[in-house]
Amino acid sequence: MIGRSRGTAACLALLAMAAPHDRAASQSYWVYAAAESEDEVALLRYDAGGDLVVEKTITTGWLRAEIEAPHGLAMDPAGEYWYLTLGHGFPNGRLVKYATGADTVAGVADLGLFPATIAIPPHGAVALAVNANFHGDHVPSTVTIVDLETMFPIADVVTCTMPHGSRFNADGTKHYSACMMDNQLVEIDGATLDVTRRLDLIANMAPPGGENCSPTWTTPHPDGGRVFVPCNKGDVILEIDLEAWRVTRRIEAPGAPYNLDLTPDGTKLLATLKGSARLGIWDVETGDLLHMIDSLMRVTHGVIVTPDGRYAIVTVEGVGGDPGTVEVIEIESGTRVASAEIGKQAGGIALWKMEG
């Protein structure tokens, strides 16, 4: 009897130890990824330890005579809808609301000239879309604020020249975007939706620098005290202290850093390096480079971290007639574990859900 009891206890202990690993191995991750030169959005599923599979391809747009350039993607916090910017129109782009799963159009709003990145705060009531105006004159542009229930544009806030990288902080009280041509970081109040602060990134670099920056993204840290901004033309990622409102650190990121994300615990910073077709992973506390991962194709674009902090999912544009690709990177080891081809010029990406 004693022997059997001890044997049973040992088996239960082994099962308990194995359970977290089994649960992690059975996780599935669902993402939407836009193909800008195909007018398509792919819905992909990655089963941990398995393949990355294209479950569905959704055709977007209304203009038969031109590519409408699906660019930015964002998810409703409740997971019921996903939102897509279309960069081209007559003359303005659009924000399109889709029901998840069915992937049918649930609403459309007119935006500005070439809308790019979208941000939705935790309450999910509005979306802020930066009108990057990539192909127009270098004049100050706007952030369009859209009521997501009615899909009515309620305001256009003038920010800067070629805004990009629209992101809210964790509690939705502040919104940040960067000005690619003005080298500015712009803060918008989440309640009043007014511009509250601007930071000249070149003048406030530590140490001061005279080089160009051309910031392309903004990623607030979960601690609420700082935001990271990549200098696409400066090969550095800047850390900005939000209380002091100044640049406090430069993290070397050779290869034209473009888009950023952080692990949910805030310990690792990830950047697509558009010029060198790589993904970099840094330790936030020390600034040390942990991994540099080569992509299968050229021109890395978007990156998101899964809610469990286990994987980075990266879009890679490709060049010319090359297909776009989506790659799954295991963050801890810095290894690519899966990839799949989608339409040309893969760019915007958003995570729908994690199951398992």
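Is at least one residue of the range 232-243 of a type in the set (Asp, Glu), crowded, with 18+ Cβ neighbours inside 10 Å and part of a loop (DSSP other than H, G, I, E, B)? For the range 232-243, residues of a type in the set (Asp, Glu), crowded, with 18+ Cβ neighbours inside 10 Å and part of a loop (DSSP other than H, G, I, E, B): present. Scanning the range 289-331 for residues that are touching a strand residue (DSSP E or B) at 6+ places or on another chain (Cβ under 8 Å), at negative phi, part of a loop (DSSP other than H, G, I, E, B) and not charged (D, E, K, R) yields Ser295, Leu296, Met297, Thr306, Pro307, Pro323, Ile331.
For the condition over 18 Å from Ile329 (Cα atoms), buried (at least 20 other Cβ atoms within 10 Å of the Cβ) and of a type in the set (Gly, Ala, Ser), Ala256 qualifies. Applying the criterion of being closer than 20 Å to Met162 by Cα and of a type in the set (Asp, Glu) to the residues of the range 91-147, the residue that is surrounded by the most Cβ atoms within 10 Å (Cβ to Cβ) is Asp110. Among residues of the range 327-356 that are buried (at least 18 other Cβ atoms within 10 Å of the Cβ), those with a beta-carbon under 8 Å from a residue that is basic (Lys, Arg) and not in a strand (DSSP E or B) at least six positions away or on a different chain give the pairs Ile331/Arg310. Filtered by the rule that a residue be modelled with pLDDT of 95 or more and more than 27 Å from Asp241 (Cα to Cα), the range 126-155 gives Val146, Asp147, Leu148, Glu149, Thr150, Met151, Phe152, Pro153, Ile154, Ala155.
The values are calculated or read from the model by the stated rules, or taken from the named source; none is laboratory data. These figures come from a predicted structure and were not determined experimentally. Here Cβ is always computed from backbone atoms with ideal geometry, including for glycine, and neighbour counts include all displayed protein chains.
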